[in-house]
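A.B. asks: Pasting in a structure now, in structure tokens, and then I'll have a few things to ask.
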Amino acid sequence: MIPLLDLRRQYETIAADIEARLIGVARSQRYVLGPETEQLERSLAAYLGTPHAIAVSSGTDALLMALMAFGIGPGDEVIVPTYSFFATAGVVARLHAVPVFVDVEPSTLTIDVAAVAGAITSRTKAIVPVHLYGQGAALDELVRLADDHGIPLIEDAAQALGARHRDGRRLGTIGRVGCFSFYPTKNLGAFGDAGLVVTNDDELAHRLRIMRNHGMEPRYYHSIVGGNFRMDEFQAAVLNVKLPYLDRWNEQRRAIAGQYRQLLAAHSLSQPNGPIEVLGIRNPSIPNGHIFHQFVVLARDRDQLRTYLQEQGIGSEVYYPVPFHRQECFRWLGYADEDFPVANDAAARSLALPIYAELRPDEVETVVAAIAAFYAQRG
Ligand SMILES: *Cc1c(COP(=O)(O)O)cnc(C)c1O
């Protein structure tokens with residue numbers, strides 16, 4: 001059995017530290033926004049190289065707060081890639097703003113810059129690129145485009161904590177606001193929901209900080225409307241134990257991705273016109289330029305391959321089977337399916353293979369051998 005993700009293996013290596021820390025929180029009786037959260041914010045600000053890191057309740061809430069901080073509301077347009085986890089578009093709709101979907105680029109499945117340029121109108125109030133699977137969108141071009149139009153760039157870095165831009169800066173610190181998730185399956189996972197917003201802007205940071213707690217400052221005085229977007233101490237405690245390991249874990253993921261690429265080529269699966277297409281790496285020479293939250297390939301006969309792997313005890317997943325422009329809840333926006341050829345192709349062919357720091361080389365070999373056997377038997 002090789003599951004898509006096995007959290008148990010990681011937990012076993014740090015269980016004693018985490019359990020002691022959780023007991024510490026229980027005994028402290030400080031459950032929300034206490035010393036663990038403060039320490040986590042300091043550590044993450046230092047790790048990311050940003051002055052302001054604000055611990056929040058989830059990655060979704062991080063995105064929601066970022067939009068709220070810019071006052072985005074009814075009638076405003078927010079440009080998002082049509083291919084991402086639902087939260088990226090959902091938060092826009094929840095504010096009664098209009099999500100504007102654009103296609104992704106074929107090599108990385110991150111937002112297509114030319115399509116963004118074509119979608120900007122006088123009503124555009126933000127652009128939200130997604131650093132899909134753990135590698136950056138085309139940030140230099142997007143920053144230029146956003147600056148030229150005076151529109152804030154909000155980075156959805158939920159899958160990319162620790163990944164770097166080509167100039168060495170960490171993803172999430174390059175736009176006006178960066179949003180992260182600590183959902184348990186992310187590269188740095190909590191024991192439940194948790195997230196982070198970061199910004200280099202002092203005034204925006206203050207807004208976000210009070211917005212996290214109903215816009216309250218001082219106690220029971222509210223100058224803006226926020227929400228309950230607070231992180232709890234149990235989550236912060238877990239993350240404080242895990243953060244020092246993150247770069248090593250990400251490095252191990254990169255090594256596994258390298259092994260996958262090499263073995264797929266060695267089995268003649270990923271050559272031009274082969275059945276497997278490996279996604280591109282934007283900056284192959286930058287350490288942690290891609291932190292492989294997922295290792296995703298585009299596969300011929302994807303659904304049959306997935307069933308076959310399942311029969312062999314090998315987990316896999318489709319991220320994502322339904323792009324936003326095809327979602328029932330967005331039908332009213334009236335998009336034409338043929339305007340998103342790259343996302344539609346990815347929806348039909350993308351397959352995420354098992355990847356996590358503790359995955360062993362012999363397991364990667366087993367996965368690739370099974371893929372080879374599947375295509376050999378089909379001819
Ligand atoms: C996980 C994820 C989110 C949402 O984060 P949660 O912590 O689950 O709310 C948003 N965007 C992307 C791209 C994600 O992968």
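The values are calculated or read from the model by the stated rules, or taken from the named source; none is laboratory data. Quick caveat, the model's predicted, so the values are computed rather than measured. Backbone-built Cβ (ideal geometry, glycine too); neighbour counts: all protein chains shown. Side chains are part of the model used for accessible areas, which takes the heavy atoms of the whole protein and leaves out ligands, DNA and RNA. Shrake-Rupley method; radii C 1.70, N 1.55, O 1.52, S 1.80 Å.
A.B. asks: Divide by every residue of the chain the summed helix terms, -39500 (n - 2.57) for each DSSP H run of at least 4, and state the resulting mean residue ellipticity at 222 nm, rounded to the nearest 500 deg cm²/dmol. Walk me through the numbers on the way to the answer.
C.D. replies: Details: 12 runs with 151 residues, N = 379.
My calculation for the chain gives -12500 deg cm²/dmol from helical runs alone.
A.B. asks: At 1.4 Å probe size, what's the solvent-accessible area of W249? Round to the nearest 10 Å².
C.D. replies: Approximately 20 Å² of W249 is accessible to the 1.4 Å probe.
A.B. asks: Here's a follow-up. With every protein chain present, what is the per residue accessible area of the chain (1.4 Å probe, Å²)? Can you show the working numbers first?
C.D. replies: On the way: 15840 Å² over 379 residues.
Ligands and nucleic acids excluded, the figure is 42 Å² per residue.
A.B. asks: Something else: Would you please classify the overall shape of the chain from the alpha carbon gyration tensor, given that a ≥ b ≥ c denote the square roots of the eigenvalues, rounded means a/c under 1.5, and beyond that prolate means a/b larger than b/c while oblate covers the rest? All intermediate terms of the calculation are to be shown ahead of the outcome.
C.D. replies: Working: a/c = 1.97, a/b = 1.23, b/c = 1.60.
Oblate.
A.B. asks: Which residue, L132, I120, F70, has the largest displacement toward the positive end of the dipole of region 1-140 when charges sit on each Cβ (Lys, Arg +1; Asp, Glu -1)?
C.D. replies: F70
A.B. asks: While we're here: According to a simple spin-label model (label point 7 Å from Cα along Cα-to-Cβ), what is the distance in nm between R94 and A376?
C.D. replies: Distance between label points: 4.9 nm.
A.B. asks: Rounded to whole Hz and in sequence order, give me ³J(HN,Hα) for region 116-129 from the Karplus expression 6.51 cos²θ - 1.76 cosθ + 1.60, θ = phi - 60°, writing x for Gly and Pro.
C.D. replies: Going residue by residue, I get 4, 4, x, 9, 6, 10, 5, 9, 5, 10, 6, 10, 10, x Hz, with x marking Gly and Pro.
A.B. asks: Determine the dipole magnitude for the chain: charges of +1 sit on the beta-carbon of Lys and Arg, -1 on that of Asp and Glu, nothing else is charged, the reference point is the Cα centre, and the result goes in debye to the nearest 20.
C.D. replies: Working: 35 positive and 43 negative charges, 106 e Å.
Roughly 520 debye, rounded to the nearest 20.
A.B. asks: Taking the Cα centre of region 246-378 as origin and charging only Cβ (+1 Lys, Arg; -1 Asp, Glu), how large is the dipole, in debye to the nearest 20? Please report the intermediate quantities before stating the final value.
C.D. replies: Working: 13 positive and 16 negative charges, 40 e Å.
For this selection, approximately 200 debye.
A.B. asks: Same structure, new question: So if each residue of separation counts as 0.36 nm, and I subtract the Cα-Cα distance between F191 and M1, what length gain in nm does that give?
C.D. replies: Numbers: separation 190, 0.36 × 190 = 68.40 nm, distance 2.41 nm.
Full extension from F191 to M1 adds 66.0 nm.
A.B. asks: Quick one: net charge of Y11's neighbours, Cβ under 12 Å, K/R +1, D/E -1?
C.D. replies: Values: positive: R8, R9, K242; negative: D6, E12, D17, E19, E358.
Around Y11, the charge tally is -2.
A.B. asks: Points 7 angstrom from Cα along the Cβ direction at A16 and W332: gap in nanometres?
C.D. replies: Distance between label points: 5.7 nm.
A.B. asks: Post the alpha-carbon centroid distance, region 355-370 to region 57-85, in whole angstrom.
C.D. replies: Comparing the Cα centres of region 355-370 and region 57-85, I get a distance of 36 Å.
A.B. asks: Can you give the relative contact order of region 74-211 as a percent, counting alpha carbon pairs under 8 Å and 6+ residues apart? Write out the running numbers ahead of the final one.
C.D. replies: Numbers: 274 pairs, mean separation 22.7, N = 138.
Once normalised by length, the contact order is 16 percent.
A.B. asks: Please identify the DSSP H helices in the chain that span no less than 27 Å along the helix axis (Cα) and have a mean Kyte-Doolittle hydropathy of -0.5 or more. If you can, show how the numbers build up before the last one.
C.D. replies: Working: long enough: 7-28 (29 Å, -0.12); 246-266 (30 Å, -0.88).
Helices meeting the criterion: 7-28.
A.B. asks: Taking K and R as +1 and D and E as -1, what net charge do the other residues with C-beta under 15 Å from the C-beta of R207 add up to?
C.D. replies: Net charge around R207: -2.
A.B. asks: Turning to a different aspect of this structure: Please report the antiparallel percentage of the DSSP beta bridges confined to region 7-244, to the nearest 5. Working shown, then result.
C.D. replies: Numbers: 15 of 28 bridges.
For region 7-244, the DSSP antiparallel bridge percentage is about 55.
A.B. asks: For Q29, what charge total do you get from the other residues with a beta carbon under 13 Å from its beta carbon, if Lys and Arg give +1 and Asp and Glu give -1?
C.D. replies: So the environment of Q29 carries a net charge of -1.
A.B. asks: Right, next: Running a GNM on the chain with Cα contacts under 10 Å, which residue among E277, E233, E217 ends up with the highest mean-square fluctuation?
C.D. replies: In the Gaussian network model the winner is E217.
A.B. asks: Moving on to the next point. Starting with the highest mean, order 310-321, 79-90, 345-356 by the number of other Cβ atoms within 10 Å, averaged over the residues of each peptide. Walk me through the intermediate numbers first.
C.D. replies: Details: 310-321: 15.9, 79-90: 24.8, 345-356: 20.9.
Sorting 310-321, 79-90, 345-356 by mean packing, highest first, produces 79-90, 345-356, 310-321.
A.B. asks: Below 8 Å between Cα atoms, with a sequence gap of 6+, how large is the relative contact order for region 274-320 in percent?
C.D. replies: Details: 25 pairs, mean separation 15.5, N = 47.
Over region 274-320, the number comes to 33 percent.
A.B. asks: 5 Å is the cut-off here: which amide hydrogens, built 1.01 Å from N in the peptide plane, fall below it relative to G215, excluding neighbours closer than 5 in sequence?
C.D. replies: Residues meeting the amide H criterion: G226, G227.
A.B. asks: Between R9 and Q271, take the C-beta separation as r, use R0 = 30 Å, and let me know the FRET efficiency to the nearest 0.05. Write out the running numbers ahead of the final one.
C.D. replies: Working: r = 33 Å, r/R0 = 1.10.
That gives a FRET efficiency of 0.35.
A.B. asks: Continuing with the same structure: Please list the non-local residues whose amide H lies under 5 Å from the amide H of H52, H modeled 1.01 Å from N, same-chain partners needing a gap of 5 or more.
C.D. replies: T199
A.B. asks: Which whole-number percent gives the relative contact order of the chain, counting Cα pairs below 8 Å spaced six or more residues apart?
C.D. replies: Values: 767 pairs, mean separation 81.4, N = 379.
Contact order relative to length: 21 percent.
A.B. asks: Right, something else. Between T121 and Y220, what is 0.36 nm times their sequence separation minus the Cα-Cα distance? Round to one decimal in nm. If you can, show how the numbers build up before the last one.
C.D. replies: Details: separation 99, 0.36 × 99 = 35.64 nm, distance 3.93 nm.
Taking 0.36 nm per residue and subtracting the Cα distance, the gain is 31.7 nm.
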